[in-house]
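> Dumping the structure here so I can ask a few things about it.
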Amino acid sequence: GVDVTLPNKIVVIDTHLIGNGGFGYSDVFYDAPVVSFDEKGAIVDDTIASAYVRFDFEAGEWKGNFGARYAKTTTDVNKYALVDGVLQPYHDKGSYSDFLPSIVAVRNLTDDLLLRLGASKTISRPSTNNYAQADRIVLVADDPETPNTDETENSWASLANADLQPQRGTQYDASLEWYFDKQSALALAVFYKELDNQIIQDSMESTIEGYGDQIFRIT
């Protein structure tokens, strides 16, 4: 629960000062073999163009509405990326479009009891952080003092994905609603939802531009 930042030098007892009552940075130890990059901010702009239409209807004992919405989302991401091992401004752009129909139908079973049915397609856009959280790359250098061990195998990175699509869903709803008094109701509802393209965090081993054939564990 405490945020502590340590320098990139290993703090150790200085063998040269033993007996003199002191300790500090030892000149017989090397810098901690970690190269890190400062986190950089990002700007994400979502432009959403949409058109929609709705029709009300009555058919026998049923009434309700149906319609559709067309939405096109364009995402501009201005952030930083590694080029030859150096963080430089980077721009990425993506887009996706969706056709989202829906229908709701209601039937009065009695004067105060009604049945409501509905179906629709929906989307849930990715979080801004999913698009453009700051990249973090840690390259663990090989220790010359241990030639038989390859410390670079512990190198890792956490990278955002600027090409995410939204989570898409199809949902069906049904409810039985009893309006037994003024401003009073009792309802029982059931629903079924199918969700596709769920956003998850995944890991893989791969190279990163600017680091040659060095393998990183990338999340």
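> Just to verify a result, which residue in the stretch 87-145, among those that are of a type in the set (Lys, Arg) and under 26 Å from the mean Cα position of the chain (by Cα), is most open to solvent (accessible area, probe 1.4 Å)?
The qualifying residue most open to solvent (accessible area, probe 1.4 Å) is 93.
> Looking at (1) surrounded by 13 or more Cβ atoms within 10 Å (Cβ to Cβ); (2) in contact with a strand residue (DSSP E or B) (Cβ under 9 Å, 6 or more places away or on another chain), find the lone condition where residue 185 falls short.
(1)
> It is to be established whether one or more residues within the stretch 50-60 are touching a helix residue (DSSP H, G or I) at 6+ places or on another chain (Cβ under 9 Å), closer than 30 Å to residue 165 by Cβ, open to solvent by 50 Å² or more (accessible area, probe 1.4 Å) and polar (S, T, N, Q).
No, the stretch 50-60 has no match at all.
> For the stretch 149-182, which positions are touching an Asp or Glu at 6+ places or on another chain (Cβ under 8 Å), free of Cβ contacts under 8 Å to residues at least 12 places away in the same chain and exposed (fewer than 11 other Cβ atoms within 10 Å of the Cβ)?
Selection gives 149 alone.
> Can you pull out the residues in the stretch 190-219 that are exposed (fewer than 12 other Cβ atoms within 10 Å of the Cβ), more than 16 Å from residue 120 (Cα to Cα) and of a type in the set (A, V, I, L, M)?
200, 204
> I've got another one for you. If the Cβ limit is 7 Å and pairs must be 6+ apart or interchain, which residue in the stretch 192-219 that is more than 26 Å from residue 167 (Cβ to Cβ) pairs with which residue that is basic (Lys, Arg) and open to solvent by 100 Å² or more (accessible area, probe 1.4 Å)?
205/217
The values are calculated or read from the model by the stated rules, or taken from the named source; none is laboratory data. Keep in mind that what you see is a predicted model, and the values were worked out from it rather than measured. Positions of Cβ are backbone-derived with ideal geometry, glycine not excepted, and every protein chain shown enters the neighbour counts. These accessible areas exclude ligands, DNA and RNA; they are computed on the full protein's heavy atoms, side chains included. Shrake-Rupley method; radii C 1.70, N 1.55, O 1.52, S 1.80 Å.
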